[in-house]
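Enquirer: Okay, handing you the structure first.
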Amino acid sequence: MEKRNKKFTEVIDVIFIMALCFTTLLSTMLMRGKVLIGQGEAGGLNYAFDLLTFSITFGALAGYSLYIIQKSNRELGQMVVQVYGDKEQGKE
């Protein structure tokens with residue numbers, strides 16, 4: 001049960017950080033896009049929100065995050081067994 005709770009906490013942490021970064025970047029682009037690129041109303045970029053592009057990007061980031069979490073946990077487990085495995089077997 002503890003391992004399941006730990007994974008849930010890791011996933012929530014990753015999603016929170018991603019959402020925070022996305023919100024910060026999007027709000028900056030929407031508020032200051034024309035000021036950063038052009039001069040007032042005449043120049044600059046027009047930022048539009050496309051649900052399909054957002055969904056693809058979010059899906060790719062979610063898939064990548066899940067892959068990294070699984071791979072990291074597996075490699076950490078292997079490292080713990082290599083470092084502490086013999087000591088724990090001697091105790092039993």
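Enquirer: Ile56: loosely packed, with under 12 Cβ neighbours inside 10 Å, modelled with pLDDT of 85 or more and assigned to a helix (DSSP H, G or I), yes or no?
Expert: So Ile56 fits the description; yes.
Enquirer: Among (1) modelled with pLDDT of 85 or more; (2) surrounded by 10 or more Cβ atoms within 10 Å (Cβ to Cβ); (3) not aromatic (Phe, Trp, Tyr), which single condition is Gly43 missing?
Expert: So Gly43 meets the others, but not (1).
The values are calculated or read from the model by the stated rules, or taken from the named source; none is laboratory data. The shown structure was predicted, so the numbers you read here are calculated from the model rather than taken from an experiment. Heads up, the Cβs are rebuilt from the backbone with ideal geometry, glycines too, and the neighbour counts pull from every protein chain shown.
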